[in-house]
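Heads up: the structure comes next, in structure tokens.
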Amino acid sequence: MTYESIDLSVNDGLATLTLNQAAQGNPFNATLCADMAAVANELAGRNDVRAILLKANGRFFSVGGDIAMFAKNLDMLPNKIREWTSGLHMGIARLARLNAPIVACVHATAMGGAVALVANCDLVFAGRSARFGAAYPQIGYSCDAGASFGLASRMGLARARRFLILCETLTADEAGRVGLVDHVVDDAVLVSEAEQAAIKLSNGPTRAYGEIRRLFSRALGQPFEAQLEDEAQALARAASTADAREGITAFVEKRQPQFHGS
């Protein structure tokens, strides 16, 4: 399937999602919102995806919300926001439920919703020239795209709140220091470093990764006893997989495991 604002390719278990409205700065517009839902549905229905690499084409990773689109819809904006976010948020939620971990590769400026999208990835690589901007309050907005969850999870509540309320823009190194970025690397090697990490994950125990991803999505939102039970049930499910059998056998035989995502 093809999409207007996103390129999708899948090779040897690795799905590469590329934001591809470069001429406009990869904005979060109506097209992207619809495509995010559609591409997440496609990935959820495939059994050959074991990791995802998120990147972008063009001068910007993403300029964030499409201000021109907002300006054209001022009288209908509340209803339009509900319409646009229904697709965007469904897509992000379904990506979060996948077994496949997501690696972000941020090569340049990311603003607003793009920062939220990146913050909810499992591993974030950034080039040294990348910048991360809150953006929302500049136009009188709060936040969307999972910003409140992703930023709080990575930066802590107080620091994430400050980032948004003060409408901060962070350099890649500053983003690394506060936990928004996991690895800051030279621009010249960014894509290769992020791809190598994603390929390594695509060769890992995919179903175990999925259990870990879902456990952490609930980690601070329920009582401790409930989280313990969820861990026990998730571990039991993981223990039933062929990859778990292979992992234990390989450990006993003192060799590297060969996982197949099953």
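Name the residue that is farthest from the chain's Cα centre (by Cα), counting only residues in the range 135-150 that are part of a loop (DSSP other than H, G, I, E, B) and closer than 30 Å to L215 by Cβ. Working first, answer last.
Start the filter on the range 135-150 by keeping residues that are part of a loop (DSSP other than H, G, I, E, B), which leaves 135, 140-146.
Subset that is closer than 30 Å to L215 by Cβ: 142-146.
Working: S142: 20, C143: 16, D144: 14, A145: 10, G146: 10 Å.
Out of the qualifying residues, it is S142.
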Please go through the range 38-90 and give me each residue that is in contact with a Gly (Cβ under 8 Å, 6 or more places away or on another chain) and of a type in the set (K, R), ordered by number. R50, R59
Condition first: among the aromatic types (F, W, Y) and under 23 Å from D243 (Cβ atoms). Now tell me which residues in the range 199-231 satisfy that. Y209, F216
Could you tell me whether the range 69-76 includes any residue that is free of Cβ contacts under 8 Å to residues at least 24 places away in the same chain and of a type in the set (D, E, K, R)? yes
Given (1) touching an Asp or Glu at 6+ places or on another chain (Cβ under 9 Å); (2) within 19 Å of N120 (Cβ to Cβ), number of the condition L220 does not satisfy: (1)
Determine which member of the set A188, A236 is without any contact (Cβ under 8 Å) to a residue 12 or more places away in the chain, touching a strand residue (DSSP E or B) at 6+ places or on another chain (Cβ under 9 Å) and exposed (fewer than 12 other Cβ atoms within 10 Å of the Cβ). A188
Residue pairs within 7 Å by beta carbon, gap of at least six or interchain, first lying in the range 93-108 and in the same structural domain as L180 (by TED's automatic domain parsing) and surrounded by 21 or more Cβ atoms within 10 Å (Cβ to Cβ), second of a type in the set (D, E) and assigned to a loop (DSSP other than H, G, I, E, B), listed first then second, are P101/D122; I102/D122; V103/D122
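For (1) free of Cβ contacts under 8 Å to residues at least 40 places away in the same chain; (2) of a type in the set (K, R); (3) surrounded by fewer than 18 Cβ atoms within 10 Å (Cβ to Cβ), each residue gets a yes or a no:
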{"residue": "G179", "(1), (2), (3)": "yes, no, yes"}
{"residue": "H183", "(1), (2), (3)": "no, no, yes"}
{"residue": "G210", "(1), (2), (3)": "no, no, no"}
{"residue": "S217", "(1), (2), (3)": "no, no, yes"}
Which residues, counting only those in the range 157-177, are free of Cβ contacts under 8 Å to residues at least 24 places away in the same chain and of a type in the set (A, V, I, L, M)? L157, A158, A160
Of the residues in the range 80-103, how many are in a helix (DSSP H, G or I) and either of a type in the set (A, V, I, L, M) or over 25 Å from G25 (Cβ atoms) (or both)? 9
Hey, among the residues in the range 198-251 that are farther than 26 Å from A15 by Cα and of a type in the set (S, T, N, Q), which one's farthest from the chain's Cα centre (by Cα)? T249
Checked pairs for the range 46-58, first at pLDDT 95 or above, second assigned to a loop (DSSP other than H, G, I, E, B) and buried (at least 24 other Cβ atoms within 10 Å of the Cβ), C-beta under 9 Å and 6 or more apart or across chains, list as V49/A100; R50/A100; A51/A100; I52/A100; K55/F61; A56/N26; N57/N26; G58/N26
Take the residues in the range 52-79 that are assigned to a loop (DSSP other than H, G, I, E, B) and within 16 Å of the chain's Cα centre (by Cα); name whichever of them is surrounded by the most Cβ atoms within 10 Å (Cβ to Cβ). F61
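The values are calculated or read from the model by the stated rules, or taken from the named source; none is laboratory data. Model, not experiment: these values are computed from the prediction. Cβ: placed from backbone, ideal geometry, glycine included. Neighbour counts: every protein chain shown.
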